[in-house]
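As structure tokens, the structure follows; a few thoughts come after it.
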């Protein structure tokens, strides 16, 4: 199940995945991301993905996620992944979809969720947490320092 998080506003949208995620759920949430991209008039957005309660994803959902990220990679500057204790496990799940992404993906422990939101919103603030970088920015986002509206 995917649910939009109430902290979503401005240039950042967040969701929590729980249980086993299906392709239909991914497609439904993608519509919300597309709406935000259009609303921001194609200015870059940040995404916060809380995967701490996710038990798995079916292959069709993975494929849908990769298709979406490939199509909208120029609009997503940062993805903050929130996970449980085993960051390597969550990173493995996240890297599958973000390999096509030109933005930056960083892992945060569940206790660092506020830092994840701050990081996804802006790079102006020094990070007090010690996140694990999952995927460095490439392409057009390599030297980008976002100044997101809060």
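The values are calculated or read from the model by the stated rules, or taken from the named source; none is laboratory data. What you are looking at is a predicted structure, and each value in this text was computed from that prediction instead of being measured. FYI the Cβ positions are ideal-geometry reconstructions off the backbone, even for glycines, and counts take in every protein chain you see.
Below, the figures for the structure above:
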| quantity | calculated |
| --- | --- |
| Residue in the range 34-54 that is loosely packed, with under 15 Cβ neighbours inside 10 Å and under 21 Å from residue 107 (Cβ atoms) present | yes |
| Residue in the range 119-135 that is modelled with pLDDT of 80 or more and surrounded by fewer than 21 Cβ atoms within 10 Å (Cβ to Cβ) present | no |
| Conditions (1) touching a strand residue (DSSP E or B) at 6+ places or on another chain (Cβ under 7 Å); (2) within 13 Å of residue 21 (Cβ to Cβ); number of the one not met by residue 46 | (2) |
| Residue match in the range 24-33 (condition: surrounded by fewer than 16 Cβ atoms within 10 Å (Cβ to Cβ), out of contact with any helix residue (DSSP H, G or I) (no Cβ under 8 Å at 6 or more places or on another chain), within 22 Å of residue 116 (Cβ to Cβ) and in contact (Cβ under 8 Å) with a residue 12 or more places away in the chain) | yes |
| Among the candidates 24, 64, residue that is modelled with pLDDT of 90 or more and either over 20 Å from residue 106 (Cα atoms) or out of contact with any strand residue (DSSP E or B) (no Cβ under 9 Å at 6 or more places or on another chain) (or both) | 24 |
| Residue that is surrounded by fewer than 16 Cβ atoms within 10 Å (Cβ to Cβ) and under 25 Å from residue 115 (Cβ atoms), where the choices are 71, 6 | 6 |
